[in-house]
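Notes for the one structure printed next.
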Amino acid sequence: MPAPAAFPPAARDAFAAAYPNEPAVLHHSLAGHPLLSLDALADLALALPADSIEYNPGALPIGIAPEDVPAPRLGVVETIRRIADAGSWVALKRVEQVAEYGALLSDVLGELADVVAARTGTMHQLEGFIFISSPGSVTPFHFDPEHNILLQIQGSKVMTVFPVEDEDLLSAQAHEEFHLGQHHRNLPWADRFAAKGTPFELTPGTALHVPVKRPHWVQNGAEPSVSLSVTWRSEWSYAEADARAFNAVLRKAGIAPKSPGLFPQQNRAKALAYRALRRIRG
């Protein structure tokens, strides 16, 4: 008998109405999934390569430079097993490297592939990330280059999401430097930003569609939290990234370029120019 769908029809409809530009709360059936228990995740941490694991203290400010994040006290497996009192958050990255998690990721995203293909083309670079967080932990203000759905499995959290087009929050130069590998995902925070955010509370069985590069920060609830992030790239997201990188070239030449447009603008001319330049540079 096939596994039940992760997303019921109403969730697919809500996703279709929002994708790719708007956040949307969805419902899912993965809360309680055996691969997402704390014991299973401790085993997963042992199976993943070291560069696919990140863990930090949880008592962080909303905005913090990556070099200022203090080192964790415990090893990752002990941190996961003691997450209720470890005062930390753990990110298990690219979990599809382990076969069972790769199959789960493929099944979940396969349910949405037709909606995605109709808007932004075939899904590329499917990746899964699992976040295990102590009560009260903060994931600082940052952005990500992927299309993303965050599924809450255990505990609760509030994700506050901000507009991507507001260059007071996320400057054009920060976009450009990120795609050239010169800017960390964490972003500087100013208290005036708070009024521009929209908070979304996530509890087991709820999920949030987070559009490409929407700045956000996360506050964990009063219980340990487990969340599964399922991500993909599209030709549109690749084109936006390459257009941003080409803008950095123009800016270095003394030209003040116009920022790439949100979907459905394709940003193809600048993307193709940067890809040609990259080939020339080898």
Options 71, 3: the member that is modelled with pLDDT under 95, of a type in the set (Gly, Ala, Ser), surrounded by fewer than 17 Cβ atoms within 10 Å (Cβ to Cβ) and not assigned by TED's automatic domain parsing to the domain that holds residue 228
3
Looking at residue 155 and the list (1) modelled with pLDDT of 95 or more; (2) within 18 Å of the chain's Cα centre (by Cα); (3) surrounded by 22 or more Cβ atoms within 10 Å (Cβ to Cβ), which single condition is not satisfied?
(2)
Flag if residue 76 is modelled with pLDDT of 90 or more, closer than 27 Å to residue 32 by Cα and either exposed (fewer than 15 other Cβ atoms within 10 Å of the Cβ) or in contact with a helix residue (DSSP H, G or I) (Cβ under 7 Å, 6 or more places away or on another chain) (or both):
no
Evaluate the following for residue 122: is it closer than 19 Å to residue 211 by Cβ, modelled with pLDDT under 95, assigned by TED's automatic domain parsing to the domain that holds residue 224 and of a type in the set (Ser, Thr, Tyr)?
no
So the check is Cβ under 7 Å with 6+ separation or different chains; which pairs have a first residue in the range 40-53 that's without any contact (Cβ under 8 Å) to a residue 24 or more places away in the chain and a second one that's of a type outside the set (A, V, I, L, M, F, W, C) and exposed (fewer than 10 other Cβ atoms within 10 Å of the Cβ)?
40/34
With respect to residue 274, is the statement that it is modelled with pLDDT of 95 or more and either more than 30 Å from residue 103 (Cβ to Cβ) or in a helix (DSSP H, G or I) (or both) true?
no
Within the range 117-151, how many residues turn out to be crowded, with 20+ Cβ neighbours inside 10 Å, among the aliphatic types (A, V, I, L, M) and more than 23 Å from residue 45 (Cα to Cα)?
0
Could you list, ordered by first residue, the pairs with Cβ atoms under 6 Å in which the first is in the range 211-226 and in the same structural domain as residue 44 (by TED's automatic domain parsing) and farther than 22 Å from residue 30 by Cβ and the second is crowded, with 23+ Cβ neighbours inside 10 Å and aromatic (Phe, Trp, Tyr), at least 6 apart or interchain?
217/141
Scan the range 36-52 for residues that are under 20 Å from the mean Cα position of the chain (by Cα) and surrounded by 15 or more Cβ atoms within 10 Å (Cβ to Cβ) and jot them down.
36, 41, 44, 45, 48, 52
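The values are calculated or read from the model by the stated rules, or taken from the named source; none is laboratory data. This structure is a prediction, so every number in the text was calculated from the model and none was measured. Virtual Cβ from ideal backbone geometry, glycine too; neighbours counted across all protein chains shown.
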